[in-house]
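Sharing a structure with you now.
The values are calculated or read from the model by the stated rules, or taken from the named source; none is laboratory data. Just so you know, these numbers come straight off a predicted model, no measurement behind them. Using ideal geometry, Cβ is built from the backbone for each residue, glycine included, and neighbour counts are taken over all protein chains shown. Accessible surface is based on the protein model in full, side chains and every heavy atom, while ligands, DNA and RNA are left aside. Shrake-Rupley method; radii C 1.70, N 1.55, O 1.52, S 1.80 Å.
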Amino acid sequence: MSNQPSVRVRFAPSPTGPLHMGGVRTALFNYLFARKNGGTFILRIEDTDQTRYVKGAEDYIIESLKWCGLEFDEGPVQGGNYGPYRQSERKAQYREYADLLMEKGHAYIAFDTAEELDQARKEAEADGKTFSYDEHSRMSMKNSLSMPKEEVDKLLLENAPHVIRFKMPEQAEVVEDEDMIRGRVSFRTSDLDDKVLFKADGMPTYHLANVVDDHLMEVTHVIRGEEWLPSMPLHVLLYRAFGWDKPIFAHLPLILKPQGKGKLSKRDGDKLGFPVFPLKWTDPETQEVAAGYREDGYFPEAFINMLALLGWNPGTEQELFTKDELVNAFSFDRVNKSGARFDPEKAKWFNHQYLIQKTDEELAGLFGPVLVEKGVVPPPVDHLAKIVALVKERVSFVHELWEQSSFFFVAPDAYDAKVVKKRWKGEIPAFMDKLAVFFKNDNGLWSAAVLKEEVSKLIEENEMNFGGVMNALRLALVGGSFGPDLFTIVEMLGQDEVVTRINKAVSELG
RNA sequence: GGUCCCUUCGUCUAGUGGUUAGGACGCCAGGUUUUCAUCCUGGAAACAGGAGUUCGAUUCUCCUAGGGACUGCCA
């Protein structure tokens, strides 16, 4: 019999805005670890900061993860045996735990106002120092440790605003913990300060809420971003102060900007033209719109695949993974310690890979709505699939299919000037006229192979240059020098359309 | 400033004392393609620096440098 508790992990975002792709990756690694170990994946909304609450953010988070295919086992939507799953709805219990800590002598009440603390910080800064609310300063601050009990009671009776702070142990020691990614990490308690656990507004801070909830929800592994590493010792100390078993921690490396310094931010996306968020987001205050991977045409599987390889690798040369393959291959042993610079180009490459893996019929189905948007009535799926097959290798997104194949649906309304200059000259216009007549009178089999043979012969008889004619014909049919095999285009366009387009080019280009 | 974390091609990374330091994206060249793209082949491109340990360090230790995170009654 194994007495290993089954794995329970949580993704705990704060609904202060759209979910960043770094957040999606954190959720993904939690998900992969849970699924790999037959564990439970929990969503917990960390909305303890009322001032930063953003309307719609929670729905956005849930929809984003759903789009990514990361299903939760427990959360605010589906419930579970450890609810509620929103910290605001768990509010009642936190004070009780803060009080428990005070009873045990691990926490105390502090009356210093935010302004006073600001002042203290400014003064220290002017001195070239940093203010720290710790064992050296706490006796000169306003709190239940420094003030007589009667005065504290009096203030409490008057409902004076106060917070509850953690009391860092005075006995200096080294707090060590084994991180799943980083190995042994250690801190000296003498470097740590008395963090606020419970705020004057009656809500806990992240530190308290997170420890209490993870304990109550029986979370076994805390997998979060590296930005939390510095508060790990506080959390370890909190578990110890409560007398609880602590979970195992894993601090993920950050996702960095494609260029320049620092972690990836919304601004980088705007500047370099790629999404930073999974879904499009409209700020409810400013109406400002931020691009999303979904709306930009990325496949969720490609997005997830790309994200998984940012900081993790399988140790093999495989780069394309289905979600199940990721679950199977995933391990924290193979998660890197250092931050990973995000490469938008590689993200596109991943999407291209997923796109060409799809069947022509699937892509035709996805392409249909794009055509409708362009004002084109989509042809039957089998015909559309044929067109898609000709051009899919050259695009990364479904919407790019249009740029590569629009001439199959509408005649070119303009001719690429550079190509005109280079290809439409000399004997060409006269010969194109002949070619139109030839096509018009053609009674043979209208197929690429046959047409190619016939046209080749015609070119030879007229002592024209094959390449030159082909390029001019291409110009007439598609408007530029791009597209798949020319005779395939001729075949698919059909006799009448080909003749019409050549005549139109001759009359417009002279 | 303080604390902690990190450091292999431009980027993502493989590598756990002895390798021509491998792959992928991107880039360049050649070939194929009547065009463009695809595709194929090839190429340029990295162990931050310095001390140790060792017969031998990309791999282990230390120092330096660089980068990053945190340093809020935000998470």
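Please work out how much accessible surface A:Tyr82 shows to a 1.4 Å probe, ignoring ligands, DNA and RNA, in Å² rounded to 10.
60 Å²
What is the P(r) of the stretch A:260-347, as percent of Cα-Cα pairs per 5 Å bin from 0?
The distribution over the stretch A:260-347 is 3, 12, 21, 20, 18, 14, 8, 3, 1, 0, given as percents.
Also, quick follow-up: Please report Rg (one decimal) and Dmax (integer) in Å for the Cα set of the stretch A:328-483.
21.4, 70
Compute the angle between helix A:381-391 and the longest alpha-carbon principal axis of chain A, please, reported from 0 to 90 degrees and rounded to the nearest 10.
90 degrees
On to the next question. Mind listing the phi-derived Karplus ³J(HN,Hα) values for the stretch A:54-66, rounded to whole Hz, using 6.51, -1.76 and 1.60 with θ = phi - 60°, and x for any glycine or proline?
Karplus-based 3J(HN,Hα) across the stretch A:54-66 equals 10, 4, x, 5, 5, 4, 4, 4, 5, 5, 4, 5, 5 Hz.
Shifting gears a bit: What residues qualify as long-range amide H neighbours of A:Asn143, i.e. H under 5 Å apart, gap of 5 or more or another chain, H built at 1.01 Å from N?
A:Phe111
For the stretch A:89-252, what Kirkwood radius comes out of the mean inverse Cα-Cα distance, in Å?
Working: mean 1/r = 0.0593 Å⁻¹.
Hydrodynamic radius (Kirkwood, Cα only) of the stretch A:89-252 equals 16.9 Å.
Ok, one more. Amide H neighbours of A:Arg8 under 5 Å, at least 5 residues apart or on other chains, H built in the peptide plane: list them.
A:Thr40, A:Thr220, A:His221
May I ask you to derive the FRET efficiency for A:Gln287 and A:Asp433 from their Cβ-Cβ distance with R0 = 41 Å, giving the value to the nearest 0.05? Numbers along the way, then the final one.
Working: r = 56 Å, r/R0 = 1.36.
That pair, A:Gln287 with A:Asp433, gives E of 0.15.
By per-residue mean of other Cβ atoms within 10 Å, what is the highest-first order of A:370-382, A:305-317, A:153-165? Could you put the intermediate results ahead of the total?
On the way: A:370-382: 12.9, A:305-317: 18.3, A:153-165: 15.3.
Result, highest mean Cβ count within 10 Å first: A:305-317, A:153-165, A:370-382.
How are the alpha carbon pair distances in the stretch A:97-171 distributed across 5 Å bins from zero to the largest one, expressed in percent?
3, 15, 23, 25, 18, 10, 5, 1
Next up: Taking 4 °C and 1.567 mPa s as the conditions, I'd like the Stokes-Einstein D for chain A in µm²/s, using the Kirkwood hydrodynamic radius from alpha carbon pairs. Please list the in-between numbers first.
On the way: Rh = 27.8 Å.
In µm²/s, the coefficient rounds to 47.
If you don't mind, there's one more thing I want to ask. Given 5 Å bins starting at zero, what is the percent of C-alpha pairs of the stretch A:1-143 in each, up to the one with the largest pair distance?
2, 8, 13, 14, 13, 12, 12, 12, 9, 5, 1, 0, 0
Please list the equivalent ellipsoid semi-axes of the stretch A:91-140, computed as the square roots of five times the alpha-carbon gyration tensor eigenvalues, in descending order and whole angstrom.
Working: eigenvalues 157, 33, 12 Å².
With the √(5λ) rule applied to the stretch A:91-140, the semi-axes are 28, 13, 8 Å.
Before rounding to the nearest 500, sum -39500 (n - 2.57) across all DSSP H runs of length at least 4 in chain A and divide by the residue total; then give [θ] at 222 nm in deg cm²/dmol. Before the final figure, lay out each step's value.
Details: 20 runs with 223 residues, N = 510.
Roughly -13500 deg cm²/dmol at 222 nm, from the helical runs in chain A.
List, in order, the whole-Hz ³J(HN,Hα) value for each residue of the stretch A:154-165 obtained from phi through the Karplus relation with A = 6.51, B = -1.76, C = 1.60 and θ = phi - 60°; use x for Gly and Pro.
5, 4, 5, 5, 7, 6, 5, x, 7, 10, 10, 10
Further question: Would you kindly calculate the translational diffusion coefficient of the stretch A:411-509, applying Stokes-Einstein with the Kirkwood radius from alpha carbon pairs, for 4 °C and a viscosity of 1.567 mPa s, and quote it in µm² s⁻¹ without decimals?
On the way: Rh = 13.3 Å.
For these conditions, the coefficient is 98 µm²/s.
Right, next: Relative to the Cα centre, what is the charge dipole magnitude of chain A, using +1 at the beta carbon of each Lys and Arg, -1 at the beta carbon of each Asp and Glu, and rounding to the nearest 20 debye? Show your work: numbers first, answer last.
Working: 62 positive and 80 negative charges, 143 e Å.
Computed charge dipole of chain A: roughly 680 debye.
Run through the DSSP bridge list for chain A and note the antiparallel percent, rounded to the nearest 5.
Values: 19 of 35 bridges.
Close to 55 percent.
Ignoring ligands, DNA and RNA, what percent of the 1.4 Å accessible area of chain A is carbon and sulfur?
Values: 12390 of 25110 Å².
So the carbon and sulfur contribution to the accessible surface is 49 percent.
When only Cα pairs under 8 Å and 6 or more residues apart are kept, what is the percent relative contact order across chain A?
Once normalised by length, the contact order is 12 percent.
Which three extents, in angstrom, do the Cα atoms of the stretch A:318-371 have along their principal axes, listed largest first?
45, 25, 16
Can you compute 3J(HN,Hα) from phi for each residue in the stretch A:121-131, using the Karplus curve 6.51 cos²θ - 1.76 cosθ + 1.60 with θ = phi - 60°, rounded to whole Hz and x for Gly and Pro?
Running phi through 6.51 cos²θ - 1.76 cosθ + 1.60 with θ = phi - 60° gives 5, 5, 4, 4, 5, 4, 8, x, 10, 10, 6 Hz.
Which of the lysines could a cross-linker span from A:Lys386 if the Cα-Cα distance has to be under 21 Å and same-chain partners fewer than 8 positions apart are dropped?
A:Lys358, A:Lys374, A:Lys452
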